[in-house]
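To start, the structure under review is shown below, and the notes come after it.
The values are calculated or read from the model by the stated rules, or taken from the named source; none is laboratory data. Predicted model only: the values in this text are computed from it and were never measured. Please note: Cβ atoms are built from the backbone with ideal geometry, for glycine as well, and neighbour counts cover all protein chains shown. Note: accessible area is taken over every heavy atom of the protein model, side chains too, but ligands, DNA and RNA are not part of it. Shrake-Rupley method; radii C 1.70, N 1.55, O 1.52, S 1.80 Å.
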Amino acid sequence: MFTGMRTLLAAWFLLEPAASLLVCVAAVLLGSVTFIRLRKNKALGWSFGRTLLSAFLQGVMLIGVTGVFYFLLNSSYRMYSPAVQSLAQGDEYLKEVQTAQKNWGDFIVQDNLTVVHTYSHEEIQQVPGPDGKTFYVNNMITENIEQETITGFNGVVDLRLTSPYLNTYEADVVYQYKIVNQSDMTTTAHFSYPIKLSQNYRNLLVTINGVDLGSSKELAGSEITWEREMQPHQSMDVAISYHTQGMGGYVHKIRSKDVVQDFFFSVNTDTRNLFASTLPETSAIKFASVNTEKGYRLTWTIDRAILSPELGIRFAPGYTPDLDHDYALQLTRYAPRAIMLLMVVFVFTMLICGVNVVPWKLLLLAAIFSSQFLALLGLDLVNVNGWLTLPLLFIITFVLVRIVYRDLPRLPFTLVMASVVLFALFYPYAGLLPKGAGRTAFDAIMQSLIILYIFGLSLYMRVRNTSHDLNDG
């Protein structure tokens, strides 16, 4: 059981590092304040151990309630995503896609050629013999020679779309590399070109300076390998060409960050229903697009830079999804994080304002808040969706929370209801932001605002209490 708990907590911190830290800080503070209040209440007559246990359970209660509803919302969102895909695309279409993947292969991500140079030499080692005499043994030592050996690349991929509906295609690939031994030693160059065993390759040809390698190349696992001896500063032209097929798109990728120089990559298509992808987004990569008779000629060039590029295209979906379902899914994306931030703001507000946190009311608040998003997904499943659905569900949430906390003092009541409005009504729309920098910036701003809110409220209560003490004096 404890192993499972540790696994859940580790997953929680991995998924939500900043929000999880805020929840833990709030839990520690809640337990500490509870302990101090119970110790000051002499009428209870509790022992130190009982008081400590009660305070500890308060903190654990906050983490437990937040964690339970976080994972409930998170798992609901993740389980609903495939359901939306099925609703939006239809079972028949998904079956056709799965069949096409078996026959045509999947999205192709082609890794770059790798070249490793080694240098071998003999070393004489002295070995003591059993009779005290010294023996001399010749050992062959092989060392890797680190160098920028790929000094040029010219890659051309011709894609012919065979089914716009399923985005299956045929591809003719020609990759040309300029290889140089930059060292002053005679080395053995070990070449490795990655392939996918699930992919079909026809007319595979590897040449060095125009000469076919023939049987010199070997298939080792998921790589085509060969070796060549290279003299100091010797250069050679390596060409790899083949015919293949895939589905969805094609990307050329250099996985490890390296010096990329004299780089040219081109993709020619016979359709314009596609998206070009250039990662990372940097001025070092020059992208150009030229219209052809039926499609595009897309080119990427890199003069010299240290990076790990991922360049290619993705065909536009052949089936138009139901955007209403996608809209509801996007609104629910931020709900798990929203419940965490709401619990943090709520607990800090109550503690700073000097109000006790009642466990059953905290549980009810989390349940009401989570029910809003579960209801949103449930209604969307039966096609009751649209931009008014979330605001209407929020009205119910607002009224229920108002009933639960109607006996709070004016200031904490106002702040609690404002936090419910923020996280139940406005915060979910962050899911509509595009992936990447937009969401990252939004998350950073929200976390900063929460910290500023806590400090601001603490300062306000301190000034307010000081003012009251002066008036009483």
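As a summary of the residue check, H233 satisfies the conditions (1) closer than 24 Å to Q147 by Cα; (2) in a strand (DSSP E or B) except for the one numbered (2).
The set of residues in region 422-438 that are without any contact (Cβ under 8 Å) to a residue 12 or more places away in the chain, farther than 15 Å from L341 by Cα, assigned to a helix (DSSP H, G or I) and open to solvent by 40 Å² or more (accessible area, probe 1.4 Å) contains only A437. All of L219, L213 fail the test of being free of Cβ contacts under 8 Å to residues at least 60 places away in the same chain, open to solvent by 70 Å² or more (accessible area, probe 1.4 Å) and farther than 21 Å from N144 by Cα, apart from L219.
In region 49-70, the residues that are farther than 11 Å from F35 by Cβ reach residues that are open to solvent by 30 Å² or more (accessible area, probe 1.4 Å) with C-beta atoms within less than 6 angstrom, at least six apart or across chains, in these pairs: M61/P359; V65/L363. Only one of the listed residues (D258, D237) is of a type in the set (D, E, K, R), buried (at least 16 other Cβ atoms within 10 Å of the Cβ), in contact (Cβ under 8 Å) with a residue 40 or more places away in the chain and closer than 23 Å to T225 by Cα. That residue is D258. Residues in region 93-124 that are polar (S, T, N, Q) and not in a helix (DSSP H, G or I): Q110, N112, T114, T118, S120.
Could you list, in sequence order, the residues of region 380-421 that are assigned to a helix (DSSP H, G or I) and either touching a residue at least 40 places away in the same chain (Cβ under 8 Å) or touching a His at 6+ places or on another chain (Cβ under 8 Å) (or both)?
Correct list: D380, L381, T389, L390, V404, L411, P412, L415, V416, S419, V420.
Collect the residues in region 160-184 that are assigned to a loop (DSSP other than H, G, I, E, B) and surrounded by 15 or more Cβ atoms within 10 Å (Cβ to Cβ), keeping them in residue-number order. Answer for region 160-184, where residues must be assigned to a loop (DSSP other than H, G, I, E, B) and surrounded by 15 or more Cβ atoms within 10 Å (Cβ to Cβ): L166, N167, N181, Q182, S183.
Assess whether D380 counts as being charged (D, E, K, R) and within 34 Å of the chain's Cα centre (by Cα). The answer is yes for D380.
When we screen A366, A424, A375 for residues that are of a type in the set (G, A, S) and under 30 Å from F35 (Cα atoms), the only hit is A366.
In summary, strands (runs of 3 or more DSSP E) completely within region 269-377 and bearing 3 or more residues that are surrounded by fewer than 16 Cβ atoms within 10 Å (Cβ to Cβ) occur at 274-279, 286-291, 296-307. Candidates Q85, Q110, Q125: the one that is at pLDDT below 75 and either surrounded by 14 or more Cβ atoms within 10 Å (Cβ to Cβ) or touching a His at 6+ places or on another chain (Cβ under 7 Å) (or both) is Q85.
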